[in-house]
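Report on the following structure.
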Amino acid sequence: MFEIAKSAFLNIFRRKSRSILTFLGIAIGLCLLLVLISFVDGINNEAQSTIGKMQGIIVSQESAVDQVFSSIDEGYEQKLSKIQGVKEVVPEQYYFVTEIQNKAVGGSMFDQPYIYAIDPGQFENSSYSAFIDAIYKGRGLKSGDNGVVMISKDISEQYLKGLGDSLKVGSAKFEVIGIYEANSSFPVNAIIMPVDDFRENYPYKKGKVNSFYVIPDAGADATQISKKIEFSYDELKAQGQEEMMEQVNSLLLNLRLIAVFVSLISAFVAAIGIINTMLMSVMERTRELGTLKAVGWTKKNIIFMIILESVFLSIVGSIIALIIGTIISKLLGFVIGIDTVISLTLIFEIFAFGIFIGLVGGIYPAVKASKMDPVEALRDE
Amino acid sequence: MIMVENIIQAKDVVKSYVLGETTVNALNGVSLDVKKSQIIMILGPSGSGKSTLLHILGALDHPTTGDVYIKGKKISELDDFSLAVFRRYYLGFVFQSFNLIPTLNVLENVLIPTIPDGKNEEKTQRAISLLKAVGMSHRLKHKPAELSGGERQRVSIARALINDPEIIFADEPTGNLDTKTGQSIVDLILKLRDKEKKTFVIVTHDPSLTKYADKIYHIRDGKISDIKGK
């Protein structure tokens with residue numbers, strides 16, 4: 001068997017450029033899979049750690065797809081505070097900004113800058129530690145703050161505003177006191193300001209807020225509290241750590257499925273590439289395969305050799321995919337700001353998938369080779 | 001019924017091919033016997049059916065009708081697997097264009113027929129001594145492309161002998177060689193018959209080889225037209 005494997009291995013180096021093209025065909029598909037999955041895993045890691053730091057519960061309108069579009073009565077603040085285990089209820093308001101520094105802001109619904117208005121005293125509260133951890137210059141909002149904002153690094157760079165500079169948002173001017181770094185969990189486009197400043201300068205529905213941030217007592221069960229809120233008020237949606245996690249997981253599952261689907265298509269293309277290469281190789285070696293049969297090789301011996309050749313091609317392709325994929329994943333991750341994860345499981349999956357492609361791609365050419373007539377060996381050239 | 005000294009026996013062998021709507025008989029009722037330790041030559045012009053006969057006698061192909069016995073074994077009763085195993089142990093092949101594997105060196109090429117059984121040291125030693133016997137021991141690690149035609153044919157003869165078969169089939173073994181090199185291959189064949197008691201079935205259209213044959217069959221239009229020798 002080792003000898004057959006050795007022949008198979010030597011055979012892939014006969015037509016170097018064709019083998020290299022085949023390696024690449026396999027590598028591209030696997031590379032794509034590696035990059036996509038490493039991103040999904042990276043996003044998952046960051047989301048888990050961010051959500052893990054979130055101690056509170058976000059309460060918003062049941063029917064709203066996002067907090068930004070949610071609108072609920074201010075009056076719930078009182079009602080929510082009375083629920084057992086609730087330490088504090090922080091009203092939150094969002095507002096899409098149309099003008100910064102007297103210039104209209106463009107962008108779609110997803111990257112348009114918005115104001116996130118909150119009670120500065122409550123922001124200071126450790127419950128916002130996840131946000132505070134993201135601060136990379138200056139400080140977060142503090143009790144008694146007014147006329148100040150925290151902005152994302154992107155906004156800071158776009159409008160060239162550093163700490164202490166004044167930023168005009170709509171018609172009002174604010175001093176920048178903190179800059180935070182956006183990542184997969186924090187928006188790239190938020191302007192965080194004290195709620196009083198917000199209400200003074202921007203229109204909002206009287207008696208309405210977008211959402212509440214409910215902070216439980218130390219030791220209280222957040223999941224229990226969110227269940228109680230949803231049970232008591234049909235019109236409200238309560239999302240604690242657990243619910244957020246579920247939401248993120250289902251989103252990531254979809255991403256993962258998309259990644260696998262895209263990769264399957266490229267794997268299919270790779271398999272066709274292998275079949276093509278192997279068929280050509282088998283056809284070129286008609287005489288040689290006939291000779292092997294004439295001197296006593298069985299069909300099985302030949303099938304084994306050709307499938308091994310195909311698997312060797314795909315293993316080399318997998319190794320290339322692993323190297324190039326890791327480089328692309330890390331570079332792209334660095335540019336986008338996601339720490340991508342290339343786990344041992346993923347490496348194993350890439351190899352298993354690659355070998356599978358080689359096996360499947362090798363079957364047809366191998367069977368064809370095994371049926372080669374030994375008489376071919378004696379035919380004149 | 002099968003006489004022991006007839007190592008190969010062919011009875012009324014017919015081989016026909018269907019070409020479109022007509023049936024062509026490549027062999028049209030050929031019967032012959034091959035005795036052990038003889039050199040048999042099959043001569044005939046191209047298209048006479050001599051190659052087809054070699055394929056059938058060498059258990060590479062089945063006759064359409066008729067029977068072939070090799071060492072008393074009826075070839076038509078063997079399935080693909082048994083035929084492969086049978087060829088491996090009892091038959092050796094020497095081809096006109098040598099058919100060596102270009103990626104393998106001389107020693108590895110000689111060992112090809114042993115690969116299905118797994119390589120072992122004994123076989124490697126045998127391969128080395130066979131290569132010595134054919135005068136190729138100084139080129140064990142060379143690739144076929146680095147050898148001359150005569151050298152390649154020597155390697156292919158060593159390959160045919162590696163499993164110590166009793167019968168060796170050769171299709172124009174000197175066809176691609178110059179006269180001098182061809183003669184050295186003929187000498188090697190004679191030596192193998194005399195010392196190792198090997199049987200040779202050789203297809204050729206080179207009349208100068210016939211003087212070494214124990215028996216000559218002339219083939220014309222799928223039939224034996226003349227037999228010379230005992």
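The values are calculated or read from the model by the stated rules, or taken from the named source; none is laboratory data. As the structure is a prediction and not an experimental result, all values here were calculated from the model. Cβ coordinates were reconstructed from backbone atoms using ideal geometry, including for glycine residues, and neighbour counts include every protein chain displayed. The area values use the complete protein model at the heavy-atom level, side chains included, leaving out ligands, DNA and RNA. Shrake-Rupley method; radii C 1.70, N 1.55, O 1.52, S 1.80 Å.
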*Principal-axis tilt of helix A:344-370 within chain A, Cα atoms, nearest 10 degrees*: 30 degrees
*Spatial separation of Cα centroids for the range A:314-328 and the range B:160-230, in angstrom*: 54 Å
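Which percent of the Cα-Cα distances in the range B:84-156 go past 15 Å?
53 percent
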*For the range B:103-230, what's the radius of gyration and Dmax over Cα atoms, in angstrom?*
15.8, 48
*Under a cut-off of 26 Å between alpha-carbon atoms, report the lysines in cross-link reach of A:K173, not counting same-chain residues fewer than 8 places apart.*
A:K103, A:K137, A:K142, A:K153, A:K161, A:K205, A:K206, A:K208
*asked:* Counting other C-beta atoms within 10 Å, and keeping those with at most 10, which DSSP coil trypsin sites (Lys or Arg not before Pro) do you find in the range A:24-97?
replied: A:K82
*Report the accessible area of B:D12, computed with a 1.4 Å probe over the heavy atoms of all protein chains in place, in Å² rounded to the nearest 10.*
100 Å²
_Percent of C-alpha pairs per 10 Å bin, chain B, short to long_ = 8, 33, 36, 20, 4, 0
*Might you work out the accessible area of A:T277 for me, using a 1.4 Å probe with all protein chains in place, and round it to the nearest 10 Å²?*
10 Å²
*Hydrodynamic radius of the range A:156-212 per Kirkwood, over alpha carbon pairs, in Å*: 13.2 Å
*How do A:F13, B:F93 stack up against each other in accessible area, from largest to smallest, with a 1.4 angstrom probe?*
A:F13, B:F93
*For the range B:15-84, just run the numbers: alpha carbon Rg, then divide by 2.2 N^0.38 Å, N being how many residues it has.*
1.19
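Indicate, rounded to the nearest 5 percent, the antiparallel portion of the DSSP beta bridges found entirely in the protein assembly as shown.
Of the beta bridges lying entirely in the protein assembly as shown, close to 65 percent run antiparallel.
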*asked:* Greater than 21 Å separation of Cα atoms is the criterion. Which listed pairs, B:K74/B:K191; B:K35/B:K198; B:K35/B:K197, meet it?
replied: B:K74/B:K191
*Would you compute, from DSSP H runs of 4+ residues alone, the mean residue ellipticity of the protein assembly as shown at 222 nm, taking -39500 (n - 2.57) per run and dividing by the full residue count, rounded to the nearest 500?*
-15000 deg cm²/dmol
*asked:* How tilted is helix B:179-196 with respect to the longest principal axis of chain B? Cα atoms for both, answer in degrees (0 to 90, nearest 10).
replied: 80 degrees
*Could you calculate, for the range A:56-239, the ratio of the Cα radius of gyration to the Kirkwood radius, expressed as Rg to Rh?*
0.97
*Write down, largest first, the equivalent ellipsoid semi-axes of chain A in whole Å, where each equals the square root of 5 times an eigenvalue of the alpha-carbon gyration tensor.*
62, 22, 16
*For the range A:23-41 versus the range A:222-238, the gap between their alpha-carbon centres in whole angstrom*: 42 Å
*Ignoring ligands, DNA and RNA, how do B:D214, B:D117 rank by accessible area with a 1.4 Å probe, largest first?*
B:D117, B:D214
*Calculate the radius of gyration of the Cα atoms of the range A:276-318 to one decimal place, then report Dmax, the largest Cα-Cα distance, as a whole number, both in Å.*
11.3, 35
*Could you please put A:I342, B:I42 in sequence from largest to smallest accessible area, using a 1.4 Å probe?*
A:I342, B:I42
*Average Cα contact separation per residue, chain A, under 8 Å, 6 or more apart, as relative contact order %*: 29 percent
*So what's the angle, to the nearest 10 degrees on a 0 to 90 scale, between helix B:121-133 and the longest Cα principal axis of chain B?*
80 degrees
*What accessible surface, in Å², does a 1.4 Å probe find on A:L36, ignoring ligands, DNA and RNA and rounding to the nearest 10?*
60 Å²
*Which GluC sites (Glu not before Pro) does the range B:11-111 hold that lie in a coil by DSSP with at most 14 other beta carbons within 10 Å?*
B:E21
